[in-house]
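Each remark here refers to the structure printed beneath this line.
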Amino acid sequence: MPPLVSIVVPIYKVESYLARCVDSLLTQTYKNIEIILVDDGSPDNCPSIADSYAAQHLNIQVIHKANGGISSARKEGWRAAKGEYILFIDSDDYVEPTMVKKLFSAIEEQRAELALCSYFTESDGTKCAHQLAYSQSHIEKTDIVEQYIYPLMGKGESINIPGFLCIRLMKRELIEESYFVSENQYFMEDHVFDLKYADKVNSIAVINEPLYVYCINRASLSNRYRPGKWQMYINLYQYFLNYLAERKLTPPTERLESFIAGGIFACIDNAVLSGSLRSFKQEISHITTFPPAEDLLNIKHHSPYPRSYKLPFLLLHHRLYSILFFIRRLSLARHI
């Protein structure tokens, strides 16, 4: 019997997508799995849907808990997991039938503590494949900083990888409770988990085949207004700096600048979603007081951020908030 793999699925207000997700897990070609559905106080029909699946399948268990956010739900699932390996899946996404088998086989073949795969994005029924920027099938210990840790801190000219946990198979016993940090404290909180887990890793297996399907759900947390989003970016930036300092690693300046630039752009659009020009001005006024952001907003700064950032950054730099608000609102309206 191959090792047990625990699959943890946090659930909150996804009744239209939950069956698709669970069905994709039940059809895995790797059969020794347990599926832990964590109902995070969902107010819709998700709890009854989850209970119905558990009543029909012995390898499914359901945890009902008060709402606490995705990280708290993952933590509850991790606590209940019995598998040697663990996989976290978002309930509004789904996976390819061979995902678990291929990730596990890669870990065995490479004697790794972590395996990650490439992925699809799906929007309005159209799937787009995204490859990982690796030509090799594994990353050795000596290369983990340059090829895995630094790329998690921002984009660069070479390797860039996503931070979300759902494309990663990990050893359950190497995970600690402190890895589960709140999405209300850090934007892209998965990066904190990734970096903490990286300390335990000697080898990383890479599968450059899309096995996970990330579905773009405009009602999800990442696609709606989030108060205090800029502060959550700063918190993660500061975590990066502390992480580097504690391990005596040289800061990857270009990547950190890219992270801040992406945060500025994302928070401009987040402020637009707040709904009014007044609230928009209140939100973005905090950006210009942060020294690393102030440097990037200077048009003379030759940072390699995308060309699409330049006009918004110029308007923000010169405090032309009203023009910036209406330009970005029109741009966002085209994509809704």
## Note on the structure
Reported to the nearest 10 Å², ASP295 has, with a 1.4 Å probe, an accessible area equal to 90 Å²
### Partner aspartates and glutamates for LYS248 [C-alpha distance under 15 Å; skip if fewer than 8 residues away on the same chain]
GLU146, ASP199
### Task
Just check the stretch 77-221 against the gyration tensor rule for me: Cα atoms, a ≥ b ≥ c as the square roots of the eigenvalues, rounded for a/c under 1.5, and otherwise prolate or oblate depending on whether a/b exceeds b/c.
rounded
## Note on the structure
chymotrypsin sites (Phe, Trp or Tyr not before Pro) in the stretch 114-164 lying in a DSSP loop, each with at most 11 other Cβ atoms within 10 Å of its Cβ, come to none
### Task
For the chain, report the accessible area per residue in Å² (1.4 Å probe, heavy atoms, rounded to an integer).
46 Å²
### Volume per residue of the C-alpha convex hull in the stretch 224-302, rounded to whole Å³
90 Å³
### Task
Straight distance only, please: which lysines reach the Cα of LYS102 with their own Cα at less than 18 Å, same-chain residues fewer than 8 apart left out?
LYS31, LYS171
### Task
Taking every Cα atom in the chain, find the radius of gyration and the maximum pairwise distance Dmax, and write them in Å.
20.5, 64
### Task
With an 8 Å cut-off on Cα pairs and a minimum separation of 6 or more residues, tell me the relative contact order of the chain in percent.
16 percent
## Note on the structure
Checked against a 26 Å limit on the C-alpha separation, the offending pairs among LYS155/LYS196; LYS65/LYS155; LYS82/LYS155; LYS75/LYS127; LYS101/LYS229 are LYS65/LYS155; LYS82/LYS155; LYS75/LYS127; LYS101/LYS229
### Query
Once amide H atoms are placed 1.01 Å from N in the peptide plane, what residues at a sequence separation of 5 or more from ALA115, or on another chain, have their amide H within under 5 Å of its amide H?
LEU169, ALA205
### Query
Carbon and sulfur: what percent of the chain's accessible surface (1.4 Å probe)?
52 percent
### Message
Please list, by residue number, every one of the trypsin sites (Lys or Arg not before Pro) in the stretch 1-92 that is coil in DSSP and has at most 11 other beta-carbon atoms within 10 Å.
### Response
LYS31, LYS82
### Query
Counting DSSP beta bridges in the chain, what percent are antiparallel, to the nearest 5?
40 percent
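Sort PHE313, PHE290 by heavy-atom solvent-accessible area, probe 1.4 angstrom, most to least.
Descending order: PHE290, PHE313.
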### Message
Could you work out [θ]222 nm for the chain from helices alone, using -39500 (n - 2.57) per DSSP H run of at least four and dividing by all its residues? Round to the nearest 500 deg cm²/dmol.
### Response
-11500 deg cm²/dmol
### Summary
Normalised Cα Rg of the stretch 133-281, dividing by 2.2 N^0.38 Å with N its residue count, works out at 1.11
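Tell me the Kirkwood hydrodynamic radius of the stretch 111-176 in angstroms, computed as one over the mean inverse distance between distinct C-alpha pairs.
Its Kirkwood hydrodynamic radius stands at 13.5 Å.
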### Task
Mind ranking ASP93, ASP199 by accessible surface for me, highest first, 1.4 Å probe?
ASP199, ASP93
#### Entry: Neighbour cut-off at most 16 other Cβ (10 Å), DSSP loop, trypsin sites (Lys or Arg not before Pro), the stretch 226-299
ARG247, LYS248
### Task
Please report the orientation-averaged projected area of the stretch 38-128, defined via the convex hull of its C-alpha atoms, in nm².
7.6 nm²
#### Entry: the stretch 2-54 - percent relative contact order, Cα under 8 Å, separation 6 or more
51 percent
### Max mean-square fluctuation residue, GNM over the chain, Cα-Cα springs under 10 Å, options GLU246, GLU122, GLU294
GLU246
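The values are calculated or read from the model by the stated rules, or taken from the named source; none is laboratory data. What you see is a predicted model; the values in this text were computed from it and never measured. Here the Cβ is made from the backbone with ideal geometry for all residues, glycine too, and neighbour counts use every protein chain on show. These accessible areas exclude ligands, DNA and RNA; they are computed on the full protein's heavy atoms, side chains included. Shrake-Rupley method; radii C 1.70, N 1.55, O 1.52, S 1.80 Å.
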